Structures are given as C-alpha cells and as structure tokens.
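Input: a single structure, listed below in structure tokens.
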Amino acid sequence: MGAALAVCLTFATTSYAKTTQRDIDEAKDEINDLKEQKEEAEDEAESITDRKAGLEAELGSLNGQLGAIVSSINELEIKIAAKEAEIETAAAALTAAEEQARQQYEDMKLRIQFMYENGMTSLWQTLFTAESFTDFLNRTEYIASINEYDRAKMEEYRQLAEEIAENKKKLEEDRGALVAMQEEKQARQKEVNSLIDRTKNSLAAAEDELARAWSDVDELDEKLREMIAYEKELEIRKAKEDAARLAAIREQEKEDTSGVVYVPQGSDEYLLGAIIQCESDGEPYAGKLAVGSVVINRVKSSYFPNTISGVIYQSGQFSPVASGRLAHRIEAGVNATCLQAAREVLGGNITTSCLYFRTNNGIIQGTVIGNHVFY
C-alpha cells in the first residue's frame, strides 16, 4: 500500500509538474521568438542607420557640389560681364575706325573729284605760278604725296577696322562660350538642387523609419523583459512544485542502478553534447558534466525512458526541445567543449547522482554548480 501510495503521489505530482513545465517551455519558446524578432528589428534599425549615414554623406557631397557650381556660375558671370565690356569697347572702337575710314574716304573722294574736275587747269596754274622748275616739281610731288597719303590712310583705317571687327567677333565667340558654360552650370545647378531635395526627402523618410524601427526594438525589448520575468515566475513555481515533491524525487534517486549498463548508440555523443550546450553553454565545465550526468542517470532509472534520445525528447522535460533550440544546435553544430563533456560522461565520468536540475533561485536545496542547482 505504501508503494502504491508513493506511485500515486509521484504520478500526481509529475502530472502537475508537467503542466507547469509546458508553460515554461512555451514561455521559453516565446522568449526565443522575441529575441529573434528583437535581433531582426535591431538589424533593421542598424541598416536604416547606415542608409541614413549614407544619405547624410550624399547630401553633404551634393551641397559641396552645389557650392562649387554656384561659385563657378558667379565667376562666369564676372567673366561674361568683363567680356561684354570688352565687346562694347571693341564695338565703339570699330565704330570710330569705320567712321574715320568713311571720313577719310569722303575726303579722298573730294580731293580726287577736285583734281579730276580741275586737273589741267591746276597743272598749268602750278606750272605758271611756280617760281622755278624745281618749285614745279616740288608742287606736283606734294600733290602726289597727298594722294599717296590718302590711299595709305584708307588702307590703314581699313586694316584697323578689319582687326577690330575680327577682335569683336572673337570676343563675341568667347562670350558665347562663356554663356554656354553658364547655361550648362545653371542646368547642373538645377539638377543638383533636385538631387538635394530628393535626398532630403529620403533622409527625412529614413529618420522617420529609423524612429519607428527603434520604437519596435523598444517595444520588443519591453515584451522580452516581461516574458523573462514571467519565465522566472514559472521557474519559481516549478521549483516550488519540485520542492513539494522532493521526497518523491529522493525516492526515485534511491533506486539502485549500479547494475544497469547502457551501451551508447552512434548518435548519442552528438545528441548529448547538443543538449549539454543548450542547457549549460556559458556554465563551468563541471556544470556541463553534471548536466550530462543527469541525462545518463535518467537513462538508467526505471522512472524515465531507457535511451538518451528518449530521455532528452521526453515531453515536458528539457525546454530546449520545446523551444526548438536543440534542433537548431544539432543543425548548427556542437562546440568541442560540450562534445568532450558528453564523451567523458558516456565514458563513465558521472559527477552527480541527481535526476533533476534547475536554474538556482534559492528555493530548492541541492548541489549548486554555476547558475544551476542539481537535486
């Protein structure tokens, strides 16, 4: 009757404990989901931050380009104004030269006309009024020199007018090139202004997006803190449940399993190493050996499945199984330290006789190793 009562008590407390353990597993699973969501949100926020920094750098570069363009446009305006002043000066000089040439031409026409109309009379008058033949020659030579002077002046004024006209044409071409450059710069200025406006809009959108992203991170962080607090509460409840049935646990541990021999299967070392890493990664090596020892102790106990995989995957026992962390660890790989601990345990290095362990919250008395209590 006593044995039957103990079995019933064990069954009842185990069923109640499993219900609470399922809650813990679900809480851990949600915590892991929240952590992943938070990491994704942080990654997104960092990505937006990088994009925002790129936009700020682009905006700075565009502002620099705009400043250079405006400065260049101002310089071109000064050059164009100077060139227009030169053109005006050249135009005035050309007008003056053309007027001089015209006047010289008119004067020469009058002299030629006069000499043509009074040619012979002038010649006889020059001959008769001359004091000597030498004086006559001097007078005719003077008339010839006047004609030569007129022709030379006409040629001089003509060449000057051509030079001024050519210079004016060159100045106008230079001005045209400057105006073209100015128009090109103004078009580039308009383009850069458009790019600046677009970049500013993108930057403003990125800032809003970043604010929302960090708001999501804060919200997830708050949910995560709440869920961690809830998990701790569940752990405390579970610890109290185990404390309440500690007598039954002690009865389980009194079972003599010294004669039970377990022959490891080929996959046991890797699977055991994986659960050790999930449960005690970051714990001291002694804690890793103790976790592995609990698994082996359960395999040998008649209260639990008789294989490592059966013990590990037993419903409601190891939260990394329910949360999916064990499957992820198996796929991602087990570190060498945890594999070494699993190898030692399978080789007989059992460091504790306990069948249970929990996060140490001071409720259950047992052997404390790192952050775990074994009982």
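Scanning segment 340-358 for residues that are buried (at least 18 other Cβ atoms within 10 Å of the Cβ) and more than 22 Å from K254 (Cα to Cα) yields a total of 2.
For segment 22-37, the set of residues classified as within 19 Å of I312 (Cβ to Cβ) and basic (K, R) consists of R22, K28, listed by residue number. Looking across segment 217-238 at every residue that is crowded, with 17+ Cβ neighbours inside 10 Å and at pLDDT 85 or above, the one that is farthest from N360 (Cα to Cα) is identified as V217.
Among the residues of segment 244-269, those identified as assigned to a helix (DSSP H, G or I) and surrounded by 15 or more Cβ atoms within 10 Å (Cβ to Cβ) are L246, A248, I249, E251, Q252, E253, D268, E269.
Out of Q186, Q182, Q159, report the one residue that is assigned by TED's automatic domain parsing to the domain that holds L62, over 30 Å from G60 (Cβ atoms) and not hydrophobic (A, V, I, L, M, F, W, C). Step through it out loud before you land on a result.
Working: Q186 fails: over 30 Å from G60 (Cβ atoms); Q182 fails: over 30 Å from G60 (Cβ atoms).
Of Q186, Q182, Q159, the one residue that is assigned by TED's automatic domain parsing to the domain that holds L62, over 30 Å from G60 (Cβ atoms) and not hydrophobic (A, V, I, L, M, F, W, C) is Q159.
Meeting the requirement of 1 or more residues that are at pLDDT below 95, of a type in the set (G, A, S) and in contact with a helix residue (DSSP H, G or I) (Cβ under 9 Å, 6 or more places away or on another chain), the helices (runs of 4 or more DSSP H) wholly within segment 296-375 are 319-323, 325-332.
Per the conditions (1) in a helix (DSSP H, G or I); (2) in contact (Cβ under 8 Å) with a residue 60 or more places away in the chain, the sole criterion not satisfied by C278 is (2). Between A274, A239, A290, the distinction of being farther than 16 Å from Y375 by Cα, under 53 Å from the mean Cα position of the chain (by Cα) and not polar (S, T, N, Q) belongs to A274 only.
One residue alone among S302, S319 is touching a Lys or Arg at 6+ places or on another chain (Cβ under 8 Å), in the same structural domain as T367 (by TED's automatic domain parsing) and under 25 Å from G366 (Cα atoms), and that residue is S319.
The values are calculated or read from the model by the stated rules, or taken from the named source; none is laboratory data. None of the values given here were measured: they were computed from a predicted structure. Virtual Cβ from ideal backbone geometry, glycine too; neighbours counted across all protein chains shown.
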